[in-house]
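Undergrad: Okay, handing you the structure first.
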Amino acid sequence: MAEDNKGGLGETVRVVIHALLIAFVIRTFLFQPFNIPSGSMKETLLVGDYLFVSKFSYGYSKYSFPFSPNLFEGRIMGSVPNRGDVVVFRLPREPDVDYIKRVIGLPGDRIQMIGGQVHINGTAVPRERIDDFMDNEDGRQVRTRRYRETLPNGVSYTTLDLYENGFYDNTPVYEVPQGHVFVMGDNRDNSTDSRVLSQVGPIPLDHLIGRAQVLFFSIEEGERAWAFWRWPWSIRWTRFGTLVR
């Protein structure tokens, strides 16, 4: 009986180790979970959303691995994102901080905001006014202007416009350096992104972690994910399995 117990314990330990190794490989090379802590990507992504990011979409750099070890320079199997991709990246000035934004400009592009409208290489990106976005702030309903924006490659998504002539609604021309992308949040007046050169600026391709793919959990802003007894009322059930577009 004692030998059987030892054998059972050893088998359990092996199963746990194998499970941890599989989880490590999946997280490092395939998919990594992230959560949304701010409203800069509303309404595409909401505070309290949890999503999977594909690590293989743009290749691998040191930022693909836990603790960002200096194993090699540049990227392995690297590729450039498409316009409109929602990407997770390491902030150039604070490489321990993860950000999530939408790719607007590619290497060599000229990006400018004029009257709240994006211009790429001198051409305005079409946007159409649609119904207002309704948000709940401190128990009251707040209306925000909402637009449908369509990039030159056909990728379409919604953006929010909180203020007329906001601080970054009119900008100089930003020239995207080679090896970089220009990113913006969908909540245009509430996003610190590549328009803010002192804090973000253009993002080096080596800082990309992956592409946002699908929501696997979502809970109302201000709620705690671990408070399972509140899930029937606090979980956004309809967002489960939503693809990030």
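Undergrad: Expected output is a single nm value to one decimal: the length gained when fully extending between Met77 and Phe56, i.e. 0.36 nm times separation in residues minus the C-alpha distance. What is it?
TA: Here the segment from Met77 to Phe56 would lengthen by 6.7 nm.
Undergrad: Would you please report the Å³ per residue occupied by the convex hull of the alpha carbon atoms in the stretch 68-166?
TA: So the per-residue hull volume is 159 Å³.
Undergrad: Grab the other residues whose beta carbon is less than 12 angstrom from that of Ile235, score K and R as +1, D and E as -1, and report the net.
TA: Neighbourhood net charge equals +1.
Undergrad: Once you sort the root eigenvalues of the Cα gyration tensor of the stretch 83-133 as a ≥ b ≥ c, which label holds: rounded (a/c under 1.5), prolate (a/b larger than b/c) or oblate (the other case)?
TA: In terms of gyration-tensor shape, oblate.
Undergrad: Then there's this: Under 1.5 on a/c is rounded, so check that first for the chain, then, if it is not, pick prolate when a/b is larger than b/c and oblate when it is not; a ≥ b ≥ c are the square roots of the alpha carbon gyration tensor eigenvalues.
TA: Oblate.
Undergrad: Starting from the amide H of Phe31, placed 1.01 Å from N in the peptide plane, find each other amide H under 5 Å away whose residue is 5 or more places distant or on another chain.
TA: Residues meeting the amide H criterion: Lys55.
Undergrad: Could you sort the peptides 142-155, 191-204 by per-residue average Cβ neighbour count (10 Å cutoff), highest mean leading?
TA: 191-204, 142-155
Undergrad: Residue-wise, which Karplus ³J(HN,Hα) couplings in Hz belong to the stretch 208-224, taking 6.51 cos²θ - 1.76 cosθ + 1.60, θ = phi - 60°, and x for glycine or proline?
TA: My calculation for the stretch 208-224 gives 6, 9, x, 9, 5, 10, 8, 7, 10, 6, 7, 9, 4, 4, x, 8, 9 Hz in order.
Undergrad: By how many nm would the segment from Ile22 to Asn121 grow when fully extended, if each residue of separation counts as 0.36 nm and the alpha-carbon distance is taken off?
TA: 31.1 nm
Undergrad: In the stretch 137-245, if the dipole is taken from +1 on Lys/Arg beta carbons and -1 on Asp/Glu beta carbons about the Cα centre, which of Phe216, Thr158, Asn190 is farthest to the positive end?
TA: It is Phe216.
Undergrad: Further, regarding this structure: Which percent of the accessible heavy-atom area of the stretch 22-79 goes to carbon and sulfur, probe 1.4 angstrom?
TA: Within the stretch 22-79, the accessible surface is 69 percent carbon and sulfur.
Undergrad: Determine ³J(HN,Hα), in whole Hz, for all residues of the stretch 162-178 in sequence, where each value follows from phi through the Karplus function 6.51 cos²θ - 1.76 cosθ + 1.60 and θ = phi - 60°; x replaces Gly and Pro.
TA: 6, 10, 6, 6, x, 4, 10, 7, 9, 9, x, 7, 9, 9, 7, x, 4
The values are calculated or read from the model by the stated rules, or taken from the named source; none is laboratory data. All values reported here derive from a predicted model rather than from experimental measurement. With ideal geometry, Cβ positions are generated from the backbone for all residues, glycine too; neighbour counts draw on all protein chains shown. These area figures cover heavy atoms from the full protein model, side chains too; ligands, DNA and RNA do not enter into them. Shrake-Rupley method; radii C 1.70, N 1.55, O 1.52, S 1.80 Å.
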